[in-house]
Amino acid sequence: MRWISILVSTAALLIASLTGVSQSAPAKTPQGATHIVLPPVPKPLLPEAFAGWLANEAPKKVTDPAQADPANAAALKEYDFTDASIADYKRSGETLSLRALRFHDASGAFGAYSFYRQNGWPKEEIGAGATSNHNRVLFWVGNVVIDANFSQISPMSGSELRELAGQLPKPEGGEALPPPILANLPQTNLPLAKLDGQTTHYALGPASYAGSGGVLPPELVGFDRGAEALTANYTMRSGAATLTLIDYPTPQMAAAQESKIRDYINSGRQGGKQAQAAWPKPLADSDLASLEVRRSGPVVAIVSGDAIPEESHKLLALVHYESDLMSLPQPTDSEVMKTGKLLMGIALLVIIGASAAILLGFFLGGFRALYRKARGKPVSSVYDAEFTRLNLRD
């Protein structure tokens with residue numbers, strides 16, 4: 001049995017060495033020491049210098065929307081405003097005023113950008129979207145909106161702001177996604193209509209909707225129910241048309257609100273000019289025959305403007321909601337089936353354990369018998385001469 005003693009001694013030495021290593025490893029760290037992981041330092045919204053512009057003083061950070069924009073504080077709250085940074089810069093006698101508005105996600109930033117951008121402002125190539133009006137340049141990137149006012153615009157102003165856009169902090173994950181409702185807007189490659197991308201306005205509340213020229217009364221949209229509104233202008237063959245999309249949390253809420261909007265428009269038609277006078281100006285200036293309401297899933301679409309009814313109806317028919325559904329496995333087993341599976345698992349475990357014990361015994365016993373047989377001894381040690389027996393029968 002010498003080989004068994006050798007195996008046992010080797011295993012004991014191996015276990016002792018592993019235990020010693022595991023116990024000695026923590027000894028390298030001094031007891032009582034605490035590792036503190038500091039969070040990364042947040043990147044400032046505006047730098048103190050960029051593209052030759054130098055700030056007069058450190059950028060001022062504000063967290064109150066009333067300080068960032070007193071006239072539109074309610075709209076900024078609806079877009080989920082978080083903070084802002086304001087700074088004045090100088091370079092070679094010229095001045096630049098920057099106001100950076102940060103929101104919780106990219107949807108809020110896009111909404112605020114569309115709120116400040118007026119229809120007719122030309123498009124610029126800065127960030128995710130940009131526009132300009134004389135010496136004022138407005139653009140957005142990630143969850144930040146930049147409002148820049150130059151004392152004198154130059155051919156290099158665009159490249160300077162693009163350099164600034166590359167330094168802005170970027171959101172990650174779902175906070176970097178634009179509003180999903182944009183996917184339901186008919187695109188520009190239409191044979192009967194052309195979308196003016198610079199007229200798209202995204203609203204999350206009554207203040208932002210009314211401030212961006214909404215067609216319907218804000219209280220009729222249903223922002224208190226979690227609605228989101230998107231308006232855009234199309235150039236049709238017969239005239240201009242405005243398409244309004246309102247996204248609700250559920251199709252049932254959309255169906256109820258669609259009925260209210262249709263009743264409101266029909267009451268204005270039947271009530272004549274007196275009832276139409278109470279309409280918002282964009283709705284009152286529309287051709288009554290072209291006003292139409294349609295629902296697709298949780299999205300309610302309203303077309304207004306001066307286009308003929310036939311073209312307005314075709315534009316409205318292009319609105320189609322497509323949902324991305326993900327199938328989730330549902331539990332189908334009853335309690336009886338679960339109990340049966342549990343008992344079968346226990347029985348299988350017992351069978352496996354018993355089989356392993358039998359095989360282990362056969363292996364150890366058979367190996368020992370073969371070993372004794374190879375040495376010329378009997379298979380069992382009962383017949384060995386050195387085996388001590390007590391003959392109690394005598």
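Quick notes on this one:
- Looking across the range 215-233, the residues that are outside any strand (DSSP E or B), touching a Pro at 6+ places or on another chain (Cβ under 9 Å) and either over 22 Å from Ala256 (Cα atoms) or open to solvent by less than 10 Å² (accessible area, probe 1.4 Å) (or both) come down to Val215, Leu216, Val221, Ala227.
- Enumerated helices (runs of 4 or more DSSP H) restricted to the range 234-288, each holding at least 3 residues that are touching a strand residue (DSSP E or B) at 6+ places or on another chain (Cβ under 6 Å): 251-271
- Hits in the range 245-260 - residues which are charged (D, E, K, R) and either open to solvent by 50 Å² or more (accessible area, probe 1.4 Å) or free of Cβ contacts under 8 Å to residues at least 40 places away in the same chain (or both): Lys260
- Scope the range 162-182; condition part of a helix (DSSP H, G or I), of a type outside the set (A, V, I, L, M) and within 24 Å of Asp247 (Cβ to Cβ); matching residues: Gly173, Gly174, Glu175, Pro180
- When the range 185-203 is limited to residues that are in contact with a strand residue (DSSP E or B) (Cβ under 6 Å, 6 or more places away or on another chain) and open to solvent by 40 Å² or more (accessible area, probe 1.4 Å), the one that is modelled with the lowest pLDDT turns out to be Thr188.
- Filter pass, Leu288 being among the hydrophobic types (A, V, I, L, M, F, W, C) and open to solvent by less than 10 Å² (accessible area, probe 1.4 Å): no
- Among the residues listed as Ser159, Ser208, the single one being under 30 Å from His134 (Cβ atoms) and either in contact with a helix residue (DSSP H, G or I) (Cβ under 6 Å, 6 or more places away or on another chain) or in a loop (DSSP other than H, G, I, E, B) (or both): Ser208
- Residue within the range 301-316 that is open to solvent by 40 Å² or more (accessible area, probe 1.4 Å) and either modelled with pLDDT under 85 or touching a Lys or Arg at 6+ places or on another chain (Cβ under 8 Å) (or both) present: no
- The residues of the range 129-157 that are over 19 Å from Phe110 (Cβ atoms) and among the aliphatic types (A, V, I, L, M), listed by number, are Ile153, Met156.
- Hey, Ala68 surrounded by fewer than 21 Cβ atoms within 10 Å (Cβ to Cβ) and either farther than 22 Å from Leu230 by Cβ or not basic (Lys, Arg) (or both) or not: no
- Each residue in the range 157-176 was checked for being open to solvent by less than 60 Å² (accessible area, probe 1.4 Å) and over 25 Å from the mean Cα position of the chain (by Cα), and 5 pass.
The values are calculated or read from the model by the stated rules, or taken from the named source; none is laboratory data. If you're wondering where the values come from, they're calculated on a predicted model, not measured in any experiment. Heads up, the Cβs are rebuilt from the backbone with ideal geometry, glycines too, and the neighbour counts pull from every protein chain shown. Areas reflect the complete protein model, heavy atoms only, side chains present, ligands, DNA and RNA absent. Shrake-Rupley method; radii C 1.70, N 1.55, O 1.52, S 1.80 Å.
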